Ligand code: DUC
Ligand code: ZN
Ligand code: ZN
Ligand code: ZN
């Protein structure tokens, strides 16, 4: 059975043109005028774009004494409803747990996915077992490794561990990722705030000022540079971090920054709402910032210094958030956004003229596919690519609200926002998951996407002992002495 998308305007990261798209066997079979298929989808007045890729989600994740409330079923249903056709989630080993064990746990959860998915692997502790497992993880198609510089006593790694892991990442041809906040400073500030009686959700923002993020971003960039690893900085929320990324890129380092749709469109005033629930529902790390930081993020998207817009979708119900009443450090950190990322970015970015349609495609889809080694299978409208597509209707409108959302939680941080621009159709490998705005997902349709390592793979070069023992830094082709 073939499907043809007829009469739309194709928008990719670099081209805008009128053509039909023929889909056979879940892939794009032809692009051109006058195509015919068994099923025809009318795209008149619409833009046909690569389905969104959200490379930063936490579905059914054990975290802060609970589990994030959206699982791979509700999370990917929300994704498809908003035009996103792939998620990359984080497999998170608990300290001491092997990486392959964690991977197995995530594979067990993701069988319910409605759209395709992959994982990043988190390195939450360091040892020979982790060193060995990292190669096995790459062999299984997971080529990116996330490190937390915050969450002291839980997920945080120290600089020596970070340096060792980054060198291993380099030798495996993988990408290093970092949650950049200085966890020691956050712990100090949090303890002081609590001592002084600042226990409400607004204190969460005081405990994580922009400098905490700027410092950790600079540090991670320098350590990645010494290790020779490419670095992706997740949830870049402020100028302090963005500035470090801009400087690194201008100096020729392979560094990417990822603002979230939440930080682009919501600001710190949300934490000063008199309603405890309102503020606590918006507690995430890093916290929302002021307008100057937001302007910096928007400028980064249009200038190209920031590469991807993600969500860090990590949704908790109001009841879960209330475990932090009387102590802001116990409010589970995280907000949702999977369903709203693309309509919000279109409305606040494309409609306002801050970014172009082609930039929209780049930052919602294509750049993530390229950075994480799955282009052009994903992130492209091209013959042979997976038919992960969104037929985007720029005239369709709605008001965002919990009552109509797919996510399992009981509120929405974008509640009441009117968006213009929504999917008419969303296709996941050729299967229609949104039909004329109506969600028709199929649980279990999603498949794991294995990714290729980047560049030179050099795994024979490193041994665990070598990486762990102090040694001189050797940069490509430059002897350590005599520089
Ligand atoms: N930040 C959050 O807000 N939630 C999940 C993890 C993170 O880093
Ligand atoms: Zn994070
Ligand atoms: Zn995250
Ligand atoms: Zn299927």
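Which of the residues belonging to region 383-400 are under 26 Å from residue 116 (Cα atoms) and exposed (fewer than 15 other Cβ atoms within 10 Å of the Cβ)?
If the condition is that a residue be under 26 Å from residue 116 (Cα atoms) and exposed (fewer than 15 other Cβ atoms within 10 Å of the Cβ), then 383, 384 are the ones that fit.
Conditions first: (1) within 23 Å of residue 333 (Cβ to Cβ); (2) more than 16 Å from ligand 3 (Cβ to nearest atom); (3) touching a residue at least 40 places away in the same chain (Cβ under 8 Å); (4) surrounded by 19 or more Cβ atoms within 10 Å (Cβ to Cβ). Residue 246 passes all but one, so which condition is the exception?
Exception for residue 246: condition (1).
Looking only at residues that are out of contact with any helix residue (DSSP H, G or I) (no Cβ under 8 Å at 6 or more places or on another chain) and outside any helix (DSSP H, G or I) in region 334-353, which one is surrounded by the most Cβ atoms within 10 Å (Cβ to Cβ)?
So, considering only residues that are out of contact with any helix residue (DSSP H, G or I) (no Cβ under 8 Å at 6 or more places or on another chain) and outside any helix (DSSP H, G or I), the one surrounded by the most Cβ atoms within 10 Å (Cβ to Cβ) is 334.
Please work out which residue is farthest from residue 204 (Cα to Cα), limiting yourself to region 146-164 and to residues that are crowded, with 23+ Cβ neighbours inside 10 Å and more than 14 Å from ligand 2 (Cβ to nearest atom).
Here the answer is 164.
Just to verify a result, which residue in region 292-322, among those that are touching a strand residue (DSSP E or B) at 6+ places or on another chain (Cβ under 7 Å) and in a helix (DSSP H, G or I), is farthest from ligand 3 (Cβ to nearest atom)?
300
Which residues, counting only those in region 281-291, are within 14 Å of residue 414 (Cα to Cα) and either away from ligand 3 (no atom under 16 Å from the Cβ) or surrounded by fewer than 21 Cβ atoms within 10 Å (Cβ to Cβ) (or both)?
Keep residues of region 281-291 that are within 14 Å of residue 414 (Cα to Cα), which gives 281-283, 288.
Of everything in region 281-291, just one residue is within 14 Å of residue 414 (Cα to Cα) and either away from ligand 3 (no atom under 16 Å from the Cβ) or surrounded by fewer than 21 Cβ atoms within 10 Å (Cβ to Cβ) (or both), namely 281.
Which numbered condition in (1) within 16 Å of the chain's Cα centre (by Cα); (2) farther than 19 Å from residue 176 by Cα; (3) surrounded by fewer than 24 Cβ atoms within 10 Å (Cβ to Cβ) is the only one that residue 111 fails?
With respect to (1) within 16 Å of the chain's Cα centre (by Cα); (2) farther than 19 Å from residue 176 by Cα; (3) surrounded by fewer than 24 Cβ atoms within 10 Å (Cβ to Cβ), residue 111 is out only on (1).
Filter region 406-427 down to the residues that are in a loop (DSSP other than H, G, I, E, B) and touching a helix residue (DSSP H, G or I) at 6+ places or on another chain (Cβ under 8 Å) and list them by number. Give the steps one after another, and end with the answer.
Our first condition is that a residue be in a loop (DSSP other than H, G, I, E, B); within region 406-427, this holds for 406-417.
Hits for region 406-427 are 406, 407, 408, 409, 410, 411, 412, 413, 414, 415, 417.
Results for (1) in a helix (DSSP H, G or I); (2) more than 16 Å from ligand 4 (Cβ to nearest atom); (3) free of Cβ contacts under 8 Å to residues at least 60 places away in the same chain; (4) out of contact with any helix residue (DSSP H, G or I) (no Cβ under 9 Å at 6 or more places or on another chain), shown as yes or no for each residue.
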{"position": "205", "(1), (2), (3), (4)": "yes, yes, no, no"}
{"position": "213", "(1), (2), (3), (4)": "yes, yes, no, no"}
{"position": "229", "(1), (2), (3), (4)": "no, yes, no, no"}
{"position": "236", "(1), (2), (3), (4)": "no, yes, no, no"}
{"position": "253", "(1), (2), (3), (4)": "no, yes, yes, no"}
{"position": "256", "(1), (2), (3), (4)": "no, yes, no, no"}
{"position": "271", "(1), (2), (3), (4)": "yes, yes, no, no"}
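Being touching a helix residue (DSSP H, G or I) at 6+ places or on another chain (Cβ under 8 Å), within 22 Å of residue 220 (Cα to Cα) and in contact (Cβ under 8 Å) with a residue 40 or more places away in the chain: is that true of residue 122 here?
no
I'd like to know if region 288-301 contains one or more residues that are under 19 Å from residue 207 (Cα atoms) and within 16 Å of ligand 2 (Cβ to nearest atom).
Yes, region 288-301 has at least one match.
Every number in this text was worked out from the coordinates using simple rules, so none of it is lab data. On a predicted model such as this, the values are computed, not experimentally measured, just so you know. A quick note on method: Cβ atoms are made from the backbone with ideal geometry, for glycine too, and the neighbour counts reach across all protein chains shown.
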